[in-house]
Structure formats: C-alpha cells, structure tokens
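To start, the structure itself, in structure tokens.
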Amino acid sequence: MTSATARDIIQELVRNMREGLEPLEYSVLAPAIYHVYLHPDDLERLRGILPRIIDEARRALDGELASLNRAPLTEKLKLSRKPAAKVEAPAGGWTIDILENTEEETHPGDITIYSELALPAKPDYGAGSMTKRIATSRLSGELKTSQKYEEKPDAAGDAFATIEYQDNKGPQIYRMTKNQIVIGRGGRDYWTDLTLETLPDVSREHIRLRRDPDTGKFFVKDLSRLGTTIDGQKIPSSIDYVEGEKKDKNLEVDLPPHARIGLADVVYLDFQAAGSQ
C-alpha cells in the first residue's frame, strides 16, 4: 500500500486551508491551526524530517495565499468597481502539529487534517463569536471534507472554568468558554474541544463536561473505555453495549467547583470553576 509522502502532507494542508476559507465583506480569513494525523508507520518514517515538513508547509500556505491574492484582470484594467477581498494570513502565523493516528482502520497513506478558524462575532450568528472547524482527509485515495461551526459566549473573554493539565506537549491551560465541551485524544470523525496528545488509553472522546447555564453547576459524562475518576473516585460510565451496539445512557455526575479529573489514570485535569476560591 502506498505510504504518505512529505509532499502529500503539504498538498493536503494547502487543500484544507482552501476548503476552510471564510469570506467576510472586505477580507477572507484562513484557518490558523492545523492538526495532521498519519498512520504510525508513515509518522515513524518521516519523524526525522518533521520540522522540515512543517517549515515547507508554512511556505506552501504563504505561497497559496499569494496566489489567491493576485489581482484579477478586471481589477488590473480598473474595470472592477470594488477591489477583490484579500485572503489574510493568521496574525500569529500558521500552527501545524503532525500526530499519530492510532485508529485501527487507519492505513499507510491515509492523511487526516483538522483545522480551526476563529471568526469575529456577527449579528446573524448571535451574541457570541464563532470557531469554524474544518476536517479534510485522503483515505485510500478518496478526498473528503466537512465543516462545523461552534459558538463561544461573548463575555469579554471570560471563561466559565479553567483546566490545567499535562500531556505529551507539556503543561497546558485550557479555558472553558462554552457550556459543553468534549475532551479526549480526538481523531478522524471525532470532534474534541480539548484535544490531548497522550497514550491510546485515553479515548478519542473520553468525557463530556457540561455547565448548566441556569445554575452554573458543572457535570461530567464518562464516554471512555478505561474509565474516569473525580478526586480519585471512579465515576459510572455513561456507555453501555447492547447486542454489540454502543448506547449512551446519558448518565452524568456532579463536578465540584474544584476537582481533579483522571482519564484512564494517564492524564489528570485540574478543574476550577470561575469565581471559586
């Protein structure tokens, strides 16, 4: 079976960027954050040149933006009444991570990319700002694309809670700005708000953390294979299997304002609700 090459990865990153462009009135925004998932054999083969791949991918994204922004002939001849909207590069540059895809059905040559684009608040979106998520994949030669919009509350950047943790990337802090988030390793066909780079013991979708907007209380739902603990105590799973089919019992447990959440005894999340001491 054909392996994924460095050029394949770069070309798929450029395709993902094009698929994720968001036109506004006077500009076009491009996704800033990219997570690339490869078969373990492909990742291991390319590991020694990953920094070079990322560097050239950033150059390719810059080049694609320059190509998209070339003035059309009508504008050059001054026949256009309105200048064409320019595609803007992310203010903080391109963020690219290349990770291992541990799903059993993954094959050498498969490339899956998830990207994110933060959008400004718009009246037609409601009160909050939006995050646009773009998933593209090249699986057994077949190209697929999907998009999803998620709203964030517009509270002057205030977060409902903070989560401190450490994964393979080191110490991290996540600010919970939505009433419900999914935490896990993520992967193809799995949208996670907080994506952990860690051992496969942590499930793709390990927990759902929900805030009741009326009471401000928090709840946790365990969706994992190897379990979840709160302050060292294992909580019941919300997942059951009936005749081999996965069923969600929609079982939640209370989450205290201060809590240490353990995921499969591999990663620990130190949770703190906003305003709690």
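The values are calculated or read from the model by the stated rules, or taken from the named source; none is laboratory data. Values in this document were obtained by computation on a predicted structure and should not be read as measured data. When we count neighbours, we look across all protein chains shown, and the Cβ atoms used for this are built from the backbone with ideal geometry, even at glycine. Please note that ligands, DNA and RNA were not included when accessible areas were found on the heavy atoms of the full protein model with its side chains. Shrake-Rupley method; radii C 1.70, N 1.55, O 1.52, S 1.80 Å.
A few points about this structure:
- All positions within the stretch 202-257 that are in a strand (DSSP E or B) and among the aliphatic types (A, V, I, L, M): Ile207, Leu209, Val220, Ile230, Ile239, Val242, Val253, Leu255
Yes or no, residue by residue, for (1) within 18 Å of Phe271 (Cβ to Cβ); (2) at pLDDT below 90:
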{"residue": "Tyr149", "(1), (2)": "no, yes"}
{"residue": "Asp154", "(1), (2)": "no, yes"}
{"residue": "Asp158", "(1), (2)": "yes, yes"}
{"residue": "Ile163", "(1), (2)": "yes, no"}
{"residue": "Lys178", "(1), (2)": "yes, yes"}
{"residue": "Gly184", "(1), (2)": "yes, no"}
{"residue": "Glu197", "(1), (2)": "no, no"}
{"residue": "Arg204", "(1), (2)": "no, no"}
{"residue": "Pro213", "(1), (2)": "yes, yes"}
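- Set side by side, the residues Thr229, Thr195, Thr215 differ, and just one is within 25 Å of Leu117 (Cβ to Cβ) and hydroxyl-bearing (Ser, Thr, Tyr), which is Thr195.
- Checklist (1) out of contact with any Lys or Arg (no Cβ under 8 Å at 6 or more places or on another chain); (2) of a type in the set (S, T, N, Q); (3) in contact (Cβ under 8 Å) with a residue 60 or more places away in the chain applied to Gln233, failing item: (3)
- Among (1) assigned to a helix (DSSP H, G or I); (2) at pLDDT 90 or above; (3) more than 20 Å from the chain's Cα centre (by Cα) - the single one His107 does not satisfy: (1)
Conditions (1) surrounded by fewer than 19 Cβ atoms within 10 Å (Cβ to Cβ); (2) touching a Ser or Thr at 6+ places or on another chain (Cβ under 6 Å), marked per residue:
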residue	(1), (2)
Met176	no, no
Gly187	no, no
Tyr190	yes, no
Asp201	yes, no
Ile207	no, yes
Pro213	yes, no
Gly227	yes, no
Ile235	no, yes
Lys247	yes, no
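- One residue stands out among those in the stretch 1-11 that are part of a loop (DSSP other than H, G, I, E, B) and in contact with a helix residue (DSSP H, G or I) (Cβ under 6 Å, 6 or more places away or on another chain): the one that is most open to solvent (accessible area, probe 1.4 Å), which is Ser3.
- Every listed requirement among (1) within 22 Å of the chain's Cα centre (by Cα); (2) in contact (Cβ under 8 Å) with a residue 60 or more places away in the chain; (3) assigned to a helix (DSSP H, G or I) is met by Val14 save one, (2).
- Any hit, the stretch 259-269, residues being without any contact (Cβ under 8 Å) to a residue 40 or more places away in the chain and open to solvent by 70 Å² or more (accessible area, probe 1.4 Å): yes
- Residue satisfying condition, being open to solvent by 20 Å² or more (accessible area, probe 1.4 Å) and at pLDDT 90 or above, within set Ala60, Ala30, Ala84: Ala60
- Unique match (being of a type outside the set (Lys, Arg) and either open to solvent by 80 Å² or more (accessible area, probe 1.4 Å) or modelled with pLDDT of 90 or more (or both)) among Leu24, Leu77, Leu99: Leu77
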